[in-house]
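Contents: one structure, followed by commentary.
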Amino acid sequence: MGSRVLSPNGNDPLSLVGPWYVKALIINATSKVPVRLTGIQLTFHTNGSFSGFDSCNPYIGMWQADEKHITISRIISPMTYCNEPPGVMEQESEYFALLKNASFYGVTGEDMVLSDDTGKNGLIFKRVYF
């Protein structure tokens, strides 16, 4: 089976609340930085909703978390096609799949990790301060 690449250990669910941007997408234990000149943003709200922008489209959804697990549901996006920069649509598909499959989370300082059950797929975020 192999070892887990991502091992988030949870935290207080309220530590998720606020704006984040994606530093890396982890797919099959391989790190992939976002497409150049794009920025993927995610904001968790205290009412159990989230919103963001995936470099091409805005999106919204719902989230729930306990001290270790997270559930992401009801992701809605207009799915408008963007042809610039190259690779942005593939990135959008990968991002939504990783977000939807997140099962575990961890917040350490300014970093957040979302991971699937295998620990080989997930997202690494950095907290945004305005």
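The values are calculated or read from the model by the stated rules, or taken from the named source; none is laboratory data. If you're wondering where the values come from, they're calculated on a predicted model, not measured in any experiment. Backbone-built Cβ (ideal geometry, glycine too); neighbour counts: all protein chains shown.
Observations, loosely collected:
- For the residues Ala102, Ala29, the requirement of being out of contact with any Asp or Glu (no Cβ under 6 Å at 6 or more places or on another chain), small (Gly, Ala, Ser) and touching a residue at least 40 places away in the same chain (Cβ under 8 Å) singles out Ala29.
- Of everything listed in (1) touching a Gly at 6+ places or on another chain (Cβ under 7 Å); (2) hydrophobic (A, V, I, L, M, F, W, C); (3) more than 15 Å from Asn101 (Cα to Cα), the single unmet condition for Leu37 is (1).
- No other residue among Ile75, Ile70, Ile60 is in contact with a strand residue (DSSP E or B) (Cβ under 7 Å, 6 or more places away or on another chain), assigned to a strand (DSSP E or B) and more than 23 Å from Gly106 (Cβ to Cβ) apart from Ile60.
- Subset of the range 27-49 that is among the small types (Gly, Ala, Ser) and closer than 20 Å to Asn121 by Cβ - its residue that is surrounded by the most Cβ atoms within 10 Å (Cβ to Cβ): Ala29
- In the set (1) modelled with pLDDT of 95 or more; (2) touching a Phe, Trp or Tyr at 6+ places or on another chain (Cβ under 9 Å); (3) over 18 Å from Glu94 (Cβ atoms), Gly10 fails one condition alone, (1).
- Counted residues, the range 40-56 - those being in a loop (DSSP other than H, G, I, E, B) and touching a Gly at 6+ places or on another chain (Cβ under 8 Å): 2
- Flag if Gly18 is touching a residue at least 12 places away in the same chain (Cβ under 8 Å), touching a Phe, Trp or Tyr at 6+ places or on another chain (Cβ under 8 Å) and in a loop (DSSP other than H, G, I, E, B): no
- Checking Val107 against (1) of a type in the set (A, V, I, L, M); (2) modelled with pLDDT of 95 or more; (3) closer than 23 Å to Tyr129 by Cβ; (4) in a strand (DSSP E or B), the condition it does not meet: (2)
- Cβ-Cβ under 8 Å pairs, at least 6 apart or on other chains, the range 70-85 side within 25 Å of Ser15 (Cβ to Cβ), far side among the polar types (S, T, N, Q) and part of a loop (DSSP other than H, G, I, E, B): Ile70/Ser103; Thr71/Ser103
- Selection status of Ser93, assigned to a helix (DSSP H, G or I) and closer than 16 Å to Arg127 by Cβ: no
Yes/no matrix, rows are residues, columns are (1) out of contact with any Leu (no Cβ under 7 Å at 6 or more places or on another chain); (2) of a type in the set (Gly, Ala, Ser); (3) surrounded by 13 or more Cβ atoms within 10 Å (Cβ to Cβ):
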| site | (1), (2), (3) |
| --- | --- |
| Gly52 | no, yes, yes |
| Ser55 | yes, yes, yes |
| Gln64 | yes, no, no |
| Cys82 | yes, no, yes |
| Ala97 | yes, yes, yes |
| Thr108 | yes, no, no |
| Asn121 | no, no, yes |
| Ile124 | yes, no, yes |
| Val128 | yes, no, yes |
